Structures are given as C-alpha cells and as structure tokens.
1. What fraction of the DSSP beta bridges in region 10-280 is antiparallel, stated in percent and rounded to the nearest 5?
2. Would you mind ranking GLU47, GLU271 by Cβ crowding within 10 Å, fewest neighbours first?
3. In whole angstrom, note down how far apart the Cα centers of region 559-581 and region 249-327 are.
4. What's the exposure ranking of HIS311, HIS611, going from fewest to most Cβ atoms within 10 Å?
5. 222 nm [θ] for the chain, helices only, -39500 (n - 2.57) per DSSP H run of 4+, per residue, to 500?
6. Based on the mean of other Cβ atoms within 10 Å per residue, sort peptides 324-330, 542-548 so the most packed one is first.
7. Where in region 119-154 does the amide nitrogen come within less than 19 Å of the point 7 Å from the Cα of GLN214, taken along Cα to Cβ?
8. May I ask for the percentage of alpha-carbon pairs in the chain that lie more than 43 Å from each other?
Amino acid sequence: MFDGLRFRHWRSEVRPDAVLVLTLDRADAPVNALNQAVLEELDTILERIEIEKPKAVVIQSGKSAGFIAGADLKEFQDYDAKGTVMEAIRRGQKVFQRLHRLPCVTVAAIHGHCMGGGTEMSLACRYRVASSDDSTRIGLPEVKLGIFPGWGGSVRLPKLVGTPAAMDMMLTGRALRVSNARAIGLIDKVVEAAGLLDAAIALAQKGTGRPLKQRALAWATNWWPVRQVMAPMLKKQVARKAKKSHYPAPYALIDTWRRNGGSIDAQLKNEARAVVKLASGSTARNLIRVFFLMERLKGLGGKDHGIQHVHVVGAGVMGGDIAAWCALRGFSVTLQDREMKYVQPALDRARALFEKKFKDEAQRAAARGRLVADVAGAGVAKADLVIEAIFENLDAKRALYADVARSLKPEALLVSNTSSLALNDLRVDLAHADHFAGLHYFNPVALMPLVEVVQHDQMAAETERRLAAFCRALDKFPVPVAGTPGFLVNRILAPYMEEALLAFREGIPGRAIDKAALDFGMPMGPIELVDTVGLDVAASVGKIMAKFHGQPEPDFAFEPNARGKKDGRGLYEWQDGKAVKPELPKDYQAPDDLGDRLILRLLNEAVACLHDGVVADADLLDAGVIFGTGFAPFRGGPIQYIQSEGAAKLKQRLEQLAGRHGPRFAPRPGWDALGK
C-alpha cells in the first residue's frame, strides 16, 4: 500500500483481512508526542488510504510507555507569531478531520497515557478501545496550559459524550481512568493489555452501536437553546475556582461552545481562532513555562537513589506524614519516637491516607505492612536514609545525630526536615558530613509537591543527586537550595506573612488582607496562611529570619491556646477545618496600597534570594516558589513577573512604600541586575 514511501515515525502493516494497522513510534523520542513532522507523515498516509481503501484502520502506539502524550510543547513554545500558531493548529485540525472522514472504519487502540492531542486523535476515530491497565489514563489537560483543545477535541467530545461529561474533562483538565471513560461513552471497549490489538481489530470488523441514552444526551445537551442556558451555569461553576482575568481559557471554551453552530468546518475555524487568541496571551505563555520548569525539576537526580529502607525520627505531624508518604510510595519505613503513644496517631493518619489513595485492600495492607513503629530505634542500623523530624532546637538535633551515628551504615544518608535552621550549624561534629543534608517537606505532605534539598558547605554532590532522585521516587519536585536560614520558600514567605500581620494589627480586617492577595492570584490569603501554619511556627521563623537579616524581632504575640487552625482559633475562628472570616462592612474600602505592600515584600525577598545565590538561577527560584507556595502560576513566578512588569517600575514602587511605611520596603540588592 505504501510502496516507495518511507516514514520515520510511523509503521504500517496490512493484514490478510485487509485491516491496516498503523503504529506510531516517534523516532528519537521515549514517548509519542505530536509534532508537525508526525502530523505531516500521517497526512501522507491518510491520503494513500483514501486511494487504496483498506477495510479498516487501527492506530496503536509503538511505545511501551503509552499511546500519545499530547502535542510537542517544545515546538509550540517556539511559535513566535499568531500566524504561526494558527497554521500549526489548522494543520492538526485538517489531518484529524481527514482521519475522521475516511471511508473505512477507524479504531484507536489505547494503552497507557492518552493526553491532549492523543485524545483528540482518538476522537477523530470511529471507535476507541482501551487497556484495563491501571496506568491507562485519558485526558484533555490543555486548560492547565492556558488554552483548550484546538485540534477538534472541543468540537467532537461534547457530541460524543454529552456536554456535562465533556466540559468536566476539558474545564478541569482531569485525566480519566478507563472505567470512568467507559462509563461516559468515551471508550467503546475495555480489554486486557495483551489482547488490545486483537480487540481493536475485532471491533473494526464488526462495529458496535452507541447506546440510545448516550446519543440522546449528546444531542440534547448540544441543542442551541440548551447551550444558551447551560453556558452561564458552567461559567458560574468555573468562577468559584478561577477568575476570568487570571485564567481566561475555561471561559473562552464555554463561549466558543455556546456560539458554535453550522458545519464542522465552521466550528473548527471558531475553535482555532479562540485557541490562537489564548495562546498569544501571557497566561498561556507563563503556564507553558511552568510546565517546562516542572519537567526540569523532574529531571534532577535521575532515577538511581540506592534507598530502600527509610527511618524517620519524630512522629509528629511532619515526621509521621513523611513516613506515611514514603510507605505509600513503596519504601520500607520505621518510625521512631519516645513512646508508642506518640507514634500511634501517626499510624492512624497513615491508615487513613492509604485508604484514600488505594482502592484495593491488598494494596492498603501492603502499605500498612511497610510502615512499622520503632520506639527503640532499631531501624537506624538497616536504614539507607534517616530523616530527622524533631522540634526546632539546634542542640537537640545535634545530640540526636551523635546518637544515630553510632549505628548508621557508612553509605547511608542522614537528613533533617528543619524548616529554618542553618545546615552549616547542624552538620558540626558529624563524622560523615558529606552524607548529611536537609530535606525540607511542606505541610500537608500528601498535597504539597515541593521538597527543598538543602545544601551545606561539606555536602557531597552525590548526596544531593541521590536525594533529588529519592524525591522523584516520592513523586515530589526537588529544588536544591542553600542552607541559610529559611532556605528559599520560608525566607520569601516570612516578610509577606509579617506584612499581613502588621496590616492586621493596624486594624485592616483579615478578610480584606486575604482578598488583596487572592486578587493577585495567590491560592490562599496570608492571614489564613499564618493561621494554617500556626502562629507559633510563624513566630519562630520570623525570629530566625530577623536575626539572620540583623533586624528587630517581629511582634508575633499570641495566646498559647490560640495558635491558629490546630487550636480552633487564632487570627480567625476555625470550624470543621475551615476559617470563619467575618464579612466586611458594605462601605469598607481597603487601603489602595494593601496589595502592593503584601506582594512587593515577597518580590523584594525573592530578588534578594536570587542575588544571594539561594538557588542556582531564576528558573529554579520561580519553580520553587510556585510549587512551594502556590504563587500565581499564571504569572510565571516572582522573577518572571518582575521582568514582565518591569524591574525599574517595581523598584520605584518599593521606594515609594519605604517612604510611606518605613525601611522594611527598601529595595534589596539585586534589582538593578534584573533591570539590565
């Protein structure tokens, strides 16, 4: 069928039953991602299929890792003009529409990840068969990149599964398990991985009908009058989680779907125009940048960490939850504290975590078996990694290290989860200081993706590499940081939280302070954040950072039983784990410089951290602050935001605030370098 044609990325096999099997195996790449070369070859193949007319076409992956990971974002990032983006989107639409219009039956055989453009390709086929393997996931995550599906996905999916299910997929970017994809009608058949190709061929030969209920739902929820009613409802749901000014893509998707009508070609043109407009905006550019920052962090350290057994000392909230997460991710873990009564609550929390994360009771039982209480500390001798997570006291930590060193294996690593103490002070008198480091997790451990790999002056490079690899095995993002007090995230957050407390003590309501931060795009207001981490913790970090900077200690006075969320009251009252924020008076007007006071103190410290070499470069700083604090991803990180707004302009604003509120706003070293 393809005599005389040679392809780099596609293989073809015409079976005796006249079924053509196309295998995508992108050359020189570990996974299948759709770039223009792959699409151009597919277009040539489809042109020949239109002439030769096989009985059916089955598309599968030649990669063991999965079907198709989506579009090649590196290529997308290189597009520098609207015309170039439009050309690329229209080319993809054209190829998939050609696939959709083939005169023969087409089937996508899906195993492993099927994301973005891969899902859009499968939607252009008549049927989709998926493996029942737990690794198989199907999704359209484009909204997380500031756009929405632009190769026909936003047009085809609602017509296939109905608007409610389609919008849930596209507005959240959530990937579906096979069972869920089958339930909504996205997948026609589910089989064991070993029989995937045979099942796809059988479906291509025999076909199947879509259930009447599914067809009726798809028609009814895409009828023009229904679209006009549903669109405002969908926008209202989106508005609860994202502002249009911050994340325009969900709103653009809903508007495009609401207006779309006429021929499929007209609908595809409308889709393309909307996506191109989004792609040229700052939100999409920054979110794509964040994606590549995430990929960089994933690549740190490689995979070889040499750690099988983890011993955690300190079964408090942090230590216990670190131990539970390690066990969840497959490590053997021993958990030590002074008495069993301190360990048991951690085991109870771990059990709840395993029940939440694992549906299979056998998996839950295996995880529970990997986490063992060890009051005597016998696990130290067999540990490849010992994690210290006791209270923040320099002398207590040093005494513990001396005790642990007596039975620690020579090649084992010892780390501290300290949140603020200098590593150079902690490593004093350690026999194997080169194997010592900090691993600073964030609370709650199960939700926060970042771990700071904290350095000191005698740490071996191999120790840093192994710990970065260990973090990736935990499904966390490692960011190497200098071992100065506060490291990166806490050092940057400290002045931001301090300014919020100062504003609060001036009489500005907590809700108004939080709103100013939320309006900027922060995931949580600073007053709520202080209550969440605890006023006692905030006070401790504040004192350490003030001493480090040679400044007066901040006034973080609080009542012993009013430390915040953990006590049920602090700056706010707390009920059922949620802050109770008093409503603002209707005529209340917050000071016009409130938002600047909060954000510019954070930015000022970020500039100082970069200048002081807390991280190796601006990209690592942005990544650490985004994944460690939730700093508005659509702004690209503190340094990216400064550069987009103009360093000179923001520095001038700091000088104005310093004149109005005091020297704490004086620009820190590093602003002039950013301006250049």
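Each value in this text was obtained by applying a stated rule to the coordinates, not by laboratory testing. On a predicted model such as this, the values are computed, not experimentally measured, just so you know. Counting neighbours? That spans all protein chains shown, and the Cβs are built from the backbone with ideal geometry, glycine included.
1. Values: 7 of 31 bridges.
That works out to approximately 25 percent antiparallel.
2. Values: GLU47 11, GLU271 25.
Starting with the residue having the fewest Cβ neighbours, the order is GLU47, GLU271.
3. When both Cα centres are located, 32 Å separates them.
4. Details: HIS311 29, HIS611 15.
Fewest-to-most ranking of HIS311, HIS611: HIS611, HIS311.
5. On the way: 28 runs with 336 residues, N = 676.
When only DSSP H runs of four or more count, the value is -15500 deg cm²/dmol.
6. My ranking of the peptides, most packed first, is 324-330, 542-548.
7. Once the point is set 7 Å along Cα→Cβ of GLN214, 119-133, 136-140, 153-154 turn out to lie under 19 Å by backbone N, inside region 119-154.
8. On the way: 75833 of 228150 pairs.
That fraction is 33 percent.
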